[in-house]
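The values are calculated or read from the model by the stated rules, or taken from the named source; none is laboratory data. Keep in mind that what you see is a predicted model, and the values were worked out from it rather than measured. Using ideal geometry, Cβ is built from the backbone for each residue, glycine included, and neighbour counts are taken over all protein chains shown.
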């Protein structure tokens with residue numbers, strides 16, 4: 001009986017280590033890939049300069065291009081819309097509309113709002129000509 005207790009005392013830590021090592025190796029992918037979006041957004045809100053705007057734009061584009069690194073396989077809700085807004089502020093109207101269309105394609109529940117934005121951009125574009 002004592003011999004069995006001694007064996008269990010040595011085997012139990014080994015089994016526990018193997019189990020814990022196996023659990024730690026399986027890190028699930030995040031639901032969405034944000035890349036450097038959070039830091040860029042914070043820097044943008046803290047100091048709205050052309051440099052911080054460009055950095056935010058790049059981080060959103062990076063997150064959009066990195067969708068394969070997420071479980072959902074798509075960007076977080078609002079990413080395309082946010083990018084479209086940045087394009088709109090920069091005067092890139094066609095890129096803004098394309099981003100708004102992409103947002104409503106990826107997230108159909110955003111279609112009503114995206115359609116309103118698209119119509120406003122098109123109306124503003126018509127008044128400029």
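With the checklist (1) modelled with pLDDT of 90 or more; (2) more than 20 Å from residue 122 (Cβ to Cβ); (3) in contact with a helix residue (DSSP H, G or I) (Cβ under 7 Å, 6 or more places away or on another chain) in hand, flag the one item residue 38 doesn't pass.
Answer for residue 38: the failing condition is (3).
What's the number of the condition residue 50 fails, among (1) under 15 Å from residue 78 (Cβ atoms); (2) modelled with pLDDT of 90 or more; (3) surrounded by fewer than 17 Cβ atoms within 10 Å (Cβ to Cβ)?
(1)
Is it true that residue 67 is surrounded by 15 or more Cβ atoms within 10 Å (Cβ to Cβ), touching a residue at least 24 places away in the same chain (Cβ under 8 Å) and touching a helix residue (DSSP H, G or I) at 6+ places or on another chain (Cβ under 8 Å)? Even if it seems obvious, please write down each step before you answer.
Details: surrounded by 15 or more Cβ atoms within 10 Å (Cβ to Cβ): yes; touching a residue at least 24 places away in the same chain (Cβ under 8 Å): yes; touching a helix residue (DSSP H, G or I) at 6+ places or on another chain (Cβ under 8 Å): no.
No, not satisfied.
As an exercise: evaluate residue 79 against (1) under 27 Å from residue 122 (Cα atoms); (2) surrounded by fewer than 18 Cβ atoms within 10 Å (Cβ to Cβ) and give the number of the one condition it does not meet.
(2)
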